[in-house]
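Written out below as C-alpha cells is the structure these notes cover.
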Amino acid sequence: KYVWKLVYIHVLGYEVDFGHAEVLSLVKSRKYSEKQVGYVALSLLLRGSDPLMANIVVTIKNDLVSATAPSSLKSSSSLNGGSNTSAD
C-alpha cells in the first residue's frame, strides 16, 4: 500500500529517494502480487547506481531460474523490472 503511494508521488514529479528497502522486500517476497508491486516500483523508483541493486540483481536471477508454478509470470516481471532500471 505504501509503495504504491511512493510510486504515485514519483508520477506526480517529486523525487522519491526513500522506501527502497521496502521495494527490495517486495521483490524478494514469495507472493506473486507483492513481487509484482515490487518490480513495478523497481522500474520506476530505483536506478542502476542505487546501493540495493546488487541484492535486486540476485533476486532477479533467482526469479528467472525459479521452478515454481507462476515462474513465467515471475520471469516476465523480473525481466521487465530489470530492463526498465537505468544506470543514471
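Would you list Y32, Y39, Y14 from the most to the least accessible area, probe 1.4 Å? Could you put the intermediate results ahead of the total?
Numbers: Y32 60, Y39 5, Y14 145 Å².
Highest to lowest solvent-accessible surface, that is Y14, Y32, Y39.
Return the aspartates and glutamates within reach of K31: Cα separation strictly under 13 angstrom, same-chain partners fewer than 8 residues apart disregarded; answer none if there are no such residues.
D63
Got a sec? What order do K28, K35 fall in by accessible area at 1.4 Å, biggest, i.e. largest, first?
Details: K28 115, K35 5 Å².
Ranking K28, K35 by accessible area, largest first, yields K28, K35.
For S66 and S29 in one chain, what is 0.36 nm times their gap in residues minus the Cα-Cα distance, to one decimal in nm?
On the way: separation 37, 0.36 × 37 = 13.32 nm, distance 1.30 nm.
That pair, S66 and S29, stretches by 12.0 nm at full extension.
The values are calculated or read from the model by the stated rules, or taken from the named source; none is laboratory data. Predicted model, so just to flag it, every value in this text is computed and none were measured. Accessible surface areas use protein heavy atoms only, side chains included; no ligands, DNA or RNA. Shrake-Rupley method; radii C 1.70, N 1.55, O 1.52, S 1.80 Å.
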